[in-house]
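Some notes on the structure that comes next.
The values are calculated or read from the model by the stated rules, or taken from the named source; none is laboratory data. Since the structure is predicted, the reported quantities are computational estimates derived from the model, not experimental observations. No Cβ is skipped: glycine too gets one built from the backbone with ideal geometry, and neighbour counts run over all protein chains shown. Quick note on the areas: whole protein, heavy atoms, side chains included, nothing else; ligands and nucleic acids left out. Shrake-Rupley method; radii C 1.70, N 1.55, O 1.52, S 1.80 Å.
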Amino acid sequence: DVSSPKHGKVDPDNMPHVGGNTWAGGTGGRDTAGLGGKGGPYRLDAGHRVYQISQAEKDAVPEEVKRAAREMAEKAFKQRLKEIQMSEYDASSYERFSGAVRRQVQSLRIILDNLQ
């Protein structure tokens with residue numbers, strides 16, 4: 001069961017973590033920032049294979065936990081904007097322009113990766 005969202009511990013060795021509710025950047029777990037899990041405050045990719053839980057499990061997260069996760073994500077987003085000296089308007093503008101060329105940038109990254 002989910003209890004409350006949190007960032008989670010950072011693994012100094014960046015080992016893959018699947019399931020549980022301890023590690024930031026893990027996959028398929030609960031309550032912590034990561035990918036493929038439930039109840040975490042925001043997505044955090046540590047570069048490992050993603051293990052996805054079912055949509056039914058995600059839908060079963062209590063509304064108060066979802067609300068707390070959204071609030072924590074919003075706070076982390078605003079803190080990150082502050083760190084990089086960007087306003088919410090700047091972030092919105094960036095997202096609008098970035099979104100317009102996202103597919104082309106992804107294609108270029110694939111081409112460059114293959115050339116390496």
Alpha-carbon Rg/Rh ratio, for the chain, with Rh computed the Kirkwood way: 1.03
Distance (nanometres) between label positions extended 7 Å along Cα→Cβ at A60 and Y94: 3.8
Nearest 10 degrees, 0 to 90: helix 88-115 Cα axis against the chain principal axis: 80
Area of Y42 that stays accessible when all protein chains are in place (1.4 Å probe, Å², to 10): 70
Relative contact order (%) - the chain, alpha-carbon pairs under 8 angstrom, separation at least six: 17
Filter on K9/K58; K6/K38; K6/K75 - keep pairs with C-alpha separation over 18 Å: K9/K58
Solvent-accessible area, 1.4 Å probe, carbon plus sulfur percent, for segment 1-80: 50
